[in-house]
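Colleague: Okay, here's the structure, questions in a sec.
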Amino acid sequence: MGTYDYITCKMPMPMVGDAPLVWPFQTKDTPHQWFGQYEITADGHLVVYPEMDSHDGQRQFSDVPQALPDFNGDIDFCGSTTNASNGDFFDYRANFFDGKCQSVRLLEYRAAPHHWRSNGQIMRAADVLHAKYAGEFYDEFTAARGSIDGT
């Protein structure tokens, strides 16, 4: 997978559904590419939070962002509605000219597999597998949460 940077976007973005996104997203299109911290501000400026010297070996980032006024091009970033791999997946592209975001587009949306959902809630994959193979627990599980396929 390699290294990447983190990015948050405070500008309005196209959405599918109403589940909140989990920030930060990941990108491989920023200059740092070593788990740096980037942000698209509410007014569309691309900024980076510089890494500070740390005496204890822990990575620390400044609270004061630095603008990147010369950045031109696209930044693709992706993330989901949960911290786990079982959330809805979103892939976005932000276009920049002179460090200012011109647009943010939704490139791809993948809904979480239906068997991870029950009554509108995301279920852990382990719950699904346990329910599938555990007989008696399956009956209690489906009575409490509805059937695995959401019907």
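The values are calculated or read from the model by the stated rules, or taken from the named source; none is laboratory data. Just so it is clear, the model here is predicted, and its values are computed rather than measured. Reconstructed Cβ throughout: ideal geometry from the backbone, glycine too, with neighbour counts over all protein chains shown.
Colleague: For region 65-72, check the following and say yes or no: at least one residue is closer than 29 Å to D18 by Cβ, aliphatic (A, V, I, L, M) and in the same structural domain as A19 (by TED's automatic domain parsing).
Modeller: No, because not a single residue in region 65-72 is closer than 29 Å to D18 by Cβ, aliphatic (A, V, I, L, M) and in the same structural domain as A19 (by TED's automatic domain parsing).
Yes or no, residue by residue, for (1) surrounded by 15 or more Cβ atoms within 10 Å (Cβ to Cβ); (2) at pLDDT 85 or above; (3) in contact with a Leu (Cβ under 6 Å, 6 or more places away or on another chain); (4) not aliphatic (A, V, I, L, M):
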| residue | (1), (2), (3), (4) |
| --- | --- |
| K10 | no, yes, no, yes |
| P14 | no, yes, yes, yes |
| F25 | yes, yes, no, yes |
| T41 | yes, yes, no, yes |
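Colleague: Find all pairs meeting these conditions: Cβ atoms under 7 angstrom apart; at least six residues apart or on different chains; first residue within region 40-54 and without any contact (Cβ under 8 Å) to a residue 12 or more places away in the chain; second residue assigned to a strand (DSSP E or B).
Modeller: The qualifying pairs are M52/Q60; M52/F61; S54/Q60.
Colleague: Separate question: Going by the structure shown, is D43 acidic (D, E) and over 18 Å from D5 (Cβ atoms)? Lay out the reasoning, then the answer.
Modeller: Values: acidic (D, E): yes; over 18 Å from D5 (Cβ atoms): yes.
When the stated conditions are applied, D43 passes them.
Colleague: Residue under question is V48, and the condition is that it be among the hydrophobic types (A, V, I, L, M, F, W, C) and in contact with a Ser or Thr (Cβ under 9 Å, 6 or more places away or on another chain); does it hold? Explain how you work it out, then say what you get.
Modeller: Values: among the hydrophobic types (A, V, I, L, M, F, W, C): yes; in contact with a Ser or Thr (Cβ under 9 Å, 6 or more places away or on another chain): yes.
It is true that V48 is among the hydrophobic types (A, V, I, L, M, F, W, C) and in contact with a Ser or Thr (Cβ under 9 Å, 6 or more places away or on another chain).
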